[in-house]
Amino acid sequence: MEKDNNYNHNPLYNATNASLVNLTINGKHTQIQVQPWVSLLDAIRDHHNLTGTKKGCDHGQCGACTVLCDGKRILSCLSLAVMKDGSEITTIEGIATDGELHPLQAAFIEHDAFQCGYCTPGQICSAIGMLQEGKATTREEVKEQMSGNLCRCGANTNIIDAIMEVKEKSL
Ligand code: FES
Ligand code: FES
């Protein structure tokens, strides 16, 4: 049976106080109807079926849900979808171009920077945002700036190796 991702069939989303929210996700404009309490994370996963963005803690403590919003990294579990009306969102599904991996994706593979992979989409989106912020110059600073993204598998050393390689190449 085909999965029904249309939340308009869900009474939770069909009440009269639902709001229309315009988002551009990975370059594609969308309009969804959501209740004011729906997180951006749930809007991405449940309304758009983009399940690359992960729900770890749902409380802003693990970083698994990190996406880029207007170029800045944010925790999508702590953002309401209605707050992001009109924003451009980039998820892990949107960072490769024309079938070519983003340099961070390639570096993660090269450095074996994951085991289960659950934290990886958030790690990569966060690293893109972190490199764009330009605050971290040393390995220690990169570790500090990435400390909001937890890896339960212990791939942290390889994650930082991958990020440092891309950082050094882009200087
Ligand atoms: S799911 Fe958002 S920080 Fe953990
Ligand atoms: S690779 Fe498993 S949590 Fe990071």
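Pairs meeting the criteria (first residue in region 80-92 and in contact (Cβ under 8 Å) with a residue 12 or more places away in the chain and under 8 Å from Thr24 (Cβ atoms), second residue in a strand (DSSP E or B) and of a type in the set (A, V, I, L, M), beta carbons under 6 Å, at least 6 apart or on different chains) are Ile89/Leu23; Ile89/Ile25; Ile89/Val67.
I'd like to know if region 52-71 contains one or more residues that are more than 10 Å from the chain's Cα centre (by Cα) and away from ligand 1 (no atom under 16 Å from the Cβ). Scanning region 52-71, I find at least one residue that is more than 10 Å from the chain's Cα centre (by Cα) and away from ligand 1 (no atom under 16 Å from the Cβ), so the answer is yes.
For region 147-159, the tally of residues that are surrounded by fewer than 20 Cβ atoms within 10 Å (Cβ to Cβ) and under 13 Å from Gln105 (Cα atoms) stands at 1.
Of a type in the set (A, V, I, L, M, F, W, C), crowded, with 20+ Cβ neighbours inside 10 Å and within 11 Å of ligand 2 (Cβ to nearest atom), is that true of Ala127? No. The sole residue among Gln31, Gln61 that is within 16 Å of ligand 2 (Cβ to nearest atom) and surrounded by fewer than 19 Cβ atoms within 10 Å (Cβ to Cβ) is Gln61. Filtering region 51-75 to residues that are closer than 14 Å to Gly117 by Cβ and of a type in the set (A, V, I, L, M) leaves only Ala64. Of all residues in region 88-109, exactly one satisfies the criterion of being exposed (fewer than 13 other Cβ atoms within 10 Å of the Cβ) and within 16 Å of ligand 2 (Cβ to nearest atom), namely Ile109. Of all the numbered requirements in (1) of a type outside the set (S, T, N, Q); (2) surrounded by fewer than 17 Cβ atoms within 10 Å (Cβ to Cβ); (3) part of a loop (DSSP other than H, G, I, E, B), Glu144 misses one, and that requirement is (3).
The residue that is nearest to Leu41 (Cα to Cα), counting only those in region 109-141 that are without any contact (Cβ under 8 Å) to a residue 40 or more places away in the chain, outside any helix (DSSP H, G or I) and within 16 Å of ligand 1 (Cβ to nearest atom), is Gly117.
Against the numbered list (1) part of a strand (DSSP E or B); (2) within 16 Å of ligand 1 (Cβ to nearest atom), Gln33 comes up short only at (2).
Read-outs: derived from the displayed coordinates by stated rules, not from any lab. This is a predicted model, so every value here is computed, not measured. Counting neighbours? That spans all protein chains shown, and the Cβs are built from the backbone with ideal geometry, glycine included.
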